[in-house]
Amino acid sequence: AASAFNTRALQYRLAKGIALDDIRAAVILQEMVEGEVSGVMFTAHPLTGSRRHALISAAWGVGEGIVAGICNTDEFTVPLFDNALTVQLADKDEAVVFDRDAGRGTREVAVSEAQRHIPCLTDTQALALRDLGLKIATLQRFPQDIEWTLRDGKPYILQTRPVTRLPDPEQPPGRRIVFDNSNIQESYCG
């Protein structure tokens with residue numbers, strides 16, 4: 001509740017003309033989705049700046065392993081407007097999973113040899129995530145940084161926020177407009 005009185009929150013209320021005598025804080029409870037594969041998707045490529053490609057990082061287990069930097073991730077570069085994926089596989093030796101023994105929290109587990117060197121997403125799953133991410137980015141009108149998980153093949157969006165830093169794209173997206181001062185009559189007589 002003390003965060004409702006931090007400097008930034010108080011300045012916001014003053015700027016918006018919101019009374020300071022009736023400040024309340026909300027508590028949000030979110031159900032844990034015990035995902036089999038989780039990851040992060042950028043709807044604009046964070047390394048190249050391309051607004052025509054998404055980058056999906058994925059690993060076995062729940063997203064905590066990726067966010068905490070514990071798990072190695074497969075990297076899927078996915079064009080937004082065609083289906084030619086580029087996949088860079090990682091040796092996914094560890095996963096973070098729900099701790100069933102304790103009934104809460106997570107724990108690190110070794111990934112089976114059979115799963116370590118195969119993609120943790122199928123092409124179809126990566127393209128479906130791309131499509132979902134593109135819808136979200138279109139609604140938000142800005143490239144998004146999206147945390148997601150898959151459970152029983154169904155995608156769950158855990159969080160989305162605008163991408164905070166993007167380099168300039170190698171090639172600008174969309175049409176190219178060329179301004180020219182030539183006169184067609186100078187080129188073609190009559």
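The values are calculated or read from the model by the stated rules, or taken from the named source; none is laboratory data. Keep in mind the model is a prediction, meaning the values are calculated, not measured. Cβ: placed from backbone, ideal geometry, glycine included. Neighbour counts: every protein chain shown. Calculation scope for accessible area: heavy atoms of the full protein, side chains included, ligands and nucleic acids excluded. Shrake-Rupley method; radii C 1.70, N 1.55, O 1.52, S 1.80 Å.
Tabulated results
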quantity: Three-way shape label, the chain, alpha-carbon gyration tensor, a/c 1.5; calculated: oblate
quantity: Solvent-accessible ranking of THR43, THR7, THR77, largest area first, probe 1.4 Å; calculated: THR7, THR77, THR43
quantity: Bridge type composition, the chain - antiparallel percent by DSSP, nearest 5; calculated: 95 percent
quantity: Summed residue charge, Cβ within 12 Å of ALA126's Cβ, Lys/Arg positive, Asp/Glu negative; calculated: -3
quantity: Residues in the stretch 96-132 that a label on GLU64 would reach, taking backbone N under 13 Å of a point 7 Å out along Cα→Cβ; calculated: 96-109
quantity: Accessible area of the stretch 6-52 belonging to carbon and sulfur atoms, whole % at 1.4 Å probe; calculated: 54 percent
quantity: Accessible surface, per residue, of the chain when the full set of protein chains is kept, probe 1.4 Å, Å²; calculated: 69 Å²
quantity: Solvent exposure ordering (accessible area, 1.4 Å, most first) of ARG151, ARG24, ARG130; calculated: ARG24, ARG151, ARG130
quantity: Point-to-point label distance, MET32-ARG13, nm (Cα→Cβ direction, 7 Å offset); calculated: 3.4 nm
quantity: Nearest-0.05 FRET efficiency for GLN159 and THR122, computed from C-beta distance (R0 30 Å); calculated: 0.80
quantity: Counted charge near ARG161, where neighbours are those whose Cβ lies closer than 14 Å (Asp, Glu -1; Lys, Arg +1); calculated: 0
quantity: Long-range amide H partners of THR106 with built H, under 5 Å; calculated: ASP99
quantity: Local electrostatic count at ALA90 - Lys and Arg +1, Asp and Glu -1, tallied over other residues with Cβ under 13 Å; calculated: -3
